[in-house]
Amino acid sequence: MRIFLIRHASVEYTNNSATNRHIDLSPRGTVQASEMAKLWEPKIGYLYSSTLPRAVQTIEPLAKKLNKSIIEESTLFELDYRGDAALFHEKIKEDRNFKFEGGESITEANVRFEKAVRHIADIHNTCTVAVGTHGTVLSEFLINQFGFPSDYFFKLSYPDVYEIQYTNEKGFIFIRRAINLLPKTIEYKDIPLVY
């Protein structure tokens, strides 16, 4: 089965994790999501998304184009660090298990996200699925599953699309960064497409 992992389009972040949890796409992000839907060619059997607005809003134009509903799944949401973003990112350089009270560590978020993607693969093992998600969990998944560089988060664009495959025999297989599905108006990083 094939899975397209879609990082949400542009937003305007603050340094407050509580505020960032539920922010919408920026006007630029709304345009990017519409442009991505226009470029979309792969046939999709199911559309999944994190429950956070920016992920849902990114794949809504695609759902409309494909006449599909979006299955919202809370286990696909972004890392819930519950504290100061700058401090969190400083602390995890030394300790991947660091977390603020009530939040989750980057390691916990990666385990949660991997289980969610594997569960989707198990349910829909004969079709192609698109999954709307977030930068931290997506980059950690790519780092841990496919050996991407540890700073890969900083190389993601808004939006970004990665095609993977899943088989019972081999598990997750990286196919490509699907730059052909990205709007031409984004500034994506010039990086290798295969690791």
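Derivation of every value follows stated rules applied to the coordinates shown; laboratory data play no part. These numbers were taken from a predicted model, which means no experiment stands behind them. Every residue, glycine as well, gets a Cβ built from its backbone with ideal geometry; the counts of neighbours run over all protein chains shown.
Residues with amide H under 5 Å of Y81's amide H, sequence separation 5 or more or different chain, H placed in the peptide plane at 1.01 Å from N; which?
E104
Over the chain, what is the relative contact order in whole percent, taking alpha-carbon pairs under 8 Å and six or more residues apart? Walk me through the numbers before you get to the answer.
Details: 379 pairs, mean separation 58.7, N = 195.
Computed over the chain, the figure is 30 percent.
Order by neighbour count: Y162, Y152, fewest other Cβ atoms within 10 Å first, most last. Present the calculation step by step, with values, prior to reporting the outcome.
Numbers: Y162 23, Y152 20.
Ranked by crowding around the Cβ, least crowded first: Y152, Y162.
If you take the C-alpha gyration tensor of the range 50-166, multiply each eigenvalue by 5 and take the square root, what semi-axes do you get, largest first, in whole Å? Could the numbers behind the result be given before it?
On the way: eigenvalues 132, 49, 38 Å².
After scaling each eigenvalue by five and taking roots: 26, 16, 14 Å.
Listed here are the pairs K43/K155; K65/K99; K68/K184; K68/K93; which of them are more than 29 Å apart at the Cα? Show your work: numbers first, answer last.
Details: K43/K155 27 Å; K65/K99 40 Å; K68/K184 25 Å; K68/K93 40 Å.
Violating the 29 Å limit, Cα to Cα: K65/K99; K68/K93.
Of the trypsin sites (Lys or Arg not before Pro) in the range 32-125, which ones lie in a loop per DSSP and count no more than 11 other C-beta atoms within 10 Å?
On the way: sites: K38, K43, R54, K64, K65, K68, R82, K91, K93, R96, K99, R112, K115, R118; in loops: K43, K68, R82, K93, R96, K99.
Sites meeting the loop and neighbour criteria: K43, K93.
Averaged across orientations, what area in nm² does the convex hull of the alpha carbons in the range 1-106 project? Before the final figure, lay out each step's value.
Working: hull surface 30.5 nm².
With every direction weighted equally, the projected area is 7.6 nm².
Taking H placed 1.01 Å from N in the peptide plane, check which residues at least 5 places from I71 or on another chain put their amide H under 5 Å from its amide H.
Under 5 Å from the amide H of I71 lie the amide H atoms of L47, Y48, S49, each far enough along the sequence or on another chain.
Mean separation of Cα pairs under 8 Å and 6+ residues apart, divided by the residue count of the range 21-94: what relative contact order is that in percent?
Over the range 21-94, the number comes to 32 percent.
Add -39500 (n - 2.57) for each DSSP H run of 4 or more in the chain, then divide by its residues: what number comes out at 222 nm, to the nearest 500 deg cm²/dmol?
Working: 6 runs with 69 residues, N = 195.
Value at 222 nm, helices only: -11000 deg cm²/dmol.
Once Cα extents along the principal axes in Å is worked out from the coordinates, which option in (1) 42, 41, 32; (2) 88, 29, 24; (3) 65, 48, 39 does it equal?
For Cα extents along the principal axes in Å, the calculated option is (1).
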